[in-house]
Every structure is written in C-alpha cells, then in structure tokens.
Amino acid sequence: MSVLLTKYYRLTLLPLIALCMFSCTKQTAVQESELSLQLSCEQSFLASKAGEGSIAVDRLHYFVFADGESTPLFSGQTSFDPSGTNNLKLRLFKDKAYEIAFWACGSSAPYSFDSGIVSLPDASGTASAPAALSANDPGLEAFYAKVPITGGQGSLSVSLKRAVAKVSVSLSTALSDAASSSLSFDSAYRSFSLLDGEVS
C-alpha cells in the first residue's frame, strides 16, 4: 500500500513541479500605452509680412525613432492647423525611450521624405532644389520639432518652429540710377535630417 501511495504522490507532484517551473520562467509581456500629443506652431512665426501671403501649412509628417537609432520605427502623416492646437495619439511600448520628429508643411509643398530626411527634390528625384523657386511662395513654409519621450508618460505638448529660412528685401525709395537689382547666394542647403538637425 505504501508503495502504491508513493507512486501516486510522485505522479501528482510531476505536473505541479512543471507548472511551478513554467510560472518562474514566464516573462512579463511588454505593454503598450497611448501617448497623447498636443502640437502647435509658435505664434510669433505665423505672422506674415506684406506681400508674403498667408501661411499655407495643412499637413503634419511625423517620424518615430527608437532611442539611439537613425532609421524610423514608423512614420505617418495627418492634417494640421497651424493656428490651432492639433492632437495626435500614438501607441508606444511602456518605459521605452523614443525620439519623435515632426515636420509641418503644405500638402502641395515640394518636400520629399525618406527615412527621416526632408529634401527639396528636382524632377529626377535627387536631393536638390528646383531650378526656380517663386519669391514669397507660402507653399514653401514649414515648421519643425523633435522631442525625446518615454512610452507610458501619457501626454506631451510640442511647439513647432519655422524650419525654412526666409529672406525679405524691401526698398523704401527707388534707386535713381538703377534699372534693376539682384540678390544671389553662393549655396543653399537642400536637405535636412529630422533626427540630428544636419543639413546638406
């Protein structure tokens, strides 16, 4: 009888030991959480000077990078109102470090996007400016921001700043001996890295 009980106890203990081992080695699943972003443009950058036209920005492009990585984990775009507050929700892993870059411009702006690089492409697709850009073209306006975040922090407010330099020239009086005038630049940057701010 005691031999039979011993065998019975051994058979009963085996599943319990296996269950115990499984419970000890089971890892906690990585949880996702929602990040709520409130995005707006710095209001001082929205003012237009005479002859420049209104700010033509209606599209927001965003790129999510894992901390220390140069290739975006994912990217997307959504509508954007430069004069208001825009809400964007992203699902990210809790307690993981990220960097998120934003680029707001017009939906018809000539910018192209490739792995977090913004370029002014020409017809061949290379990163160079078109042969002639219109003076005071509101379609070239753009705003930029980059923020470090940690998944699970809940919400964040982000202010985008003007990303493209503008040069305005005005004459208060006509030059008496000048039939025409011109202004030229030796070079201009044509691409911009949203992650590290490098231009080329």
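I'm trying to understand the selection: among the residues of the stretch 66-111, which are closer than 20 Å to residue 189 by Cβ and surrounded by 14 or more Cβ atoms within 10 Å (Cβ to Cβ)?
Hits for the stretch 66-111 are 101, 102, 103, 104, 105, 106, 109, 110, 111.
Which residues, taken from the stretch 138-167, are modelled with pLDDT of 85 or more and of a type in the set (Val, Ile, Thr)?
Correct list: 147, 149, 150, 158.
Filter the stretch 39-60 down to the residues that are part of a strand (DSSP E or B) and either more than 22 Å from residue 197 (Cα to Cα) or at pLDDT below 90 (or both) and list them by number. Before the answer, list the steps.
Here is the first cut: in the stretch 39-60, the residues part of a strand (DSSP E or B) are 39-41, 59-60.
Result: 39, 40, 41.
The values are calculated or read from the model by the stated rules, or taken from the named source; none is laboratory data. Given the structure is predicted, the values throughout are model-derived calculations rather than measurements. Methodologically, a virtual Cβ is constructed for each residue, glycine included, from the backbone with ideal geometry; neighbour enumeration extends over all protein chains shown.
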